[in-house]
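Comments concern the structure below.
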Amino acid sequence: MAVRAIAFLLTSLLLGGCMATSGTLEPASEANFTARDKRLLTNTPYEKVDPPISYRRQIVEYHRKEAPGTIVVDTDDRHLYYVMADGRAIRYGITVGEDGQSWAGIARIGNMQEWPPWVPTEGEKQRLGPLPSYVDGGPANPMGARALYLFQGNKDTLFRIHGTNQPEYIGEAISSGCIRMLNEDVIDLYRRVKVGTPVVVLNTHLHMASSN
């Protein structure tokens, strides 16, 4: 079983590209917002910007073999996929932070939170300067509107998929954070998943470095 899982992971890491073709834009909607979402996102402390078209939420043809309901994160291409039936997936644009570039593998969602707090790591404090030890959830919080915490077994991988207060960086790699999504997109993804949902994180550059 372990050998099969390792083989699957290596194959996944080597096939990070050419995952999807032809997309249909999915307009952002507030239909899934809670009253709290609407209140907090009405007057955000950041400017709302639209990412490039290739990083906007789309339904695309999907060419890999993960089961429907799986999340696939392609850190090289800056996309996250929610796999659907009939060879389709919802593709979201993401920002890949430094922490998001340091891990790849197969995990599951072990915890989910709405408007999560932020507890800066020591590394973030060193990179970003003086930071509080705890920041309440809200639109100014870099964790954004939702957070999905990835576990392997009972162990927290420290890898997160979460919202953002810097939407202008969607589609880019930056120096801090894990996998960031537009708040509207992470709210949409959050309603589709549950604790136990499988997540595949692809990073061909990390795999190639570890093979040398």
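Summing Lys and Arg as +1 and Asp and Glu as -1 over all other residues whose Cβ lies under 10 Å from the Cβ of His162 gives a net charge of +3. Here is the size of region 82-212 from its Cα atoms: Rg then Dmax, 14.7, 49 Å. Among the listed pairs Lys38/Lys65; Lys65/Lys194; Lys48/Lys194, those with a Cα-Cα distance over 31 Å are Lys38/Lys65. All other residues whose Cβ lies under 10 angstrom from that of Ser54 are scored, Lys and Arg at +1 and Asp and Glu at -1, for a net of +2. Taking the 1.4 Å solvent-accessible surface of region 116-184 as the whole, the part contributed by carbon and sulfur is 53%. Sparse packing (at most 11 other Cβ atoms within 10 Å of the Cβ) combined with a DSSP loop state is found for the following chymotrypsin sites (Phe, Trp or Tyr not before Pro) in region 123-201: Tyr134. Sort region 162-202 into rounded, prolate or oblate with this rule: let a ≥ b ≥ c be the square roots of the eigenvalues of the Cα gyration tensor; rounded if a/c is under 1.5, and if a/c is not under 1.5, prolate when a/b is larger than b/c, oblate otherwise. In terms of gyration-tensor shape, oblate. Sorting the segments 48-61, 135-148 by their residues' average number of neighbouring beta-carbon atoms within 10 angstrom, most packed first, yields 135-148, 48-61. What distance in nm separates the simple spin-label points at Glu61 and Thr44, each placed 7 Å from Cα in the Cβ direction? Computed distance between label sites Glu61 and Thr44 equals 3.3 nm.
The values are calculated or read from the model by the stated rules, or taken from the named source; none is laboratory data. Model, not experiment: these values are computed from the prediction. When we count neighbours, we look across all protein chains shown, and the Cβ atoms used for this are built from the backbone with ideal geometry, even at glycine. Calculation scope for accessible area: heavy atoms of the full protein, side chains included, ligands and nucleic acids excluded. Shrake-Rupley method; radii C 1.70, N 1.55, O 1.52, S 1.80 Å.
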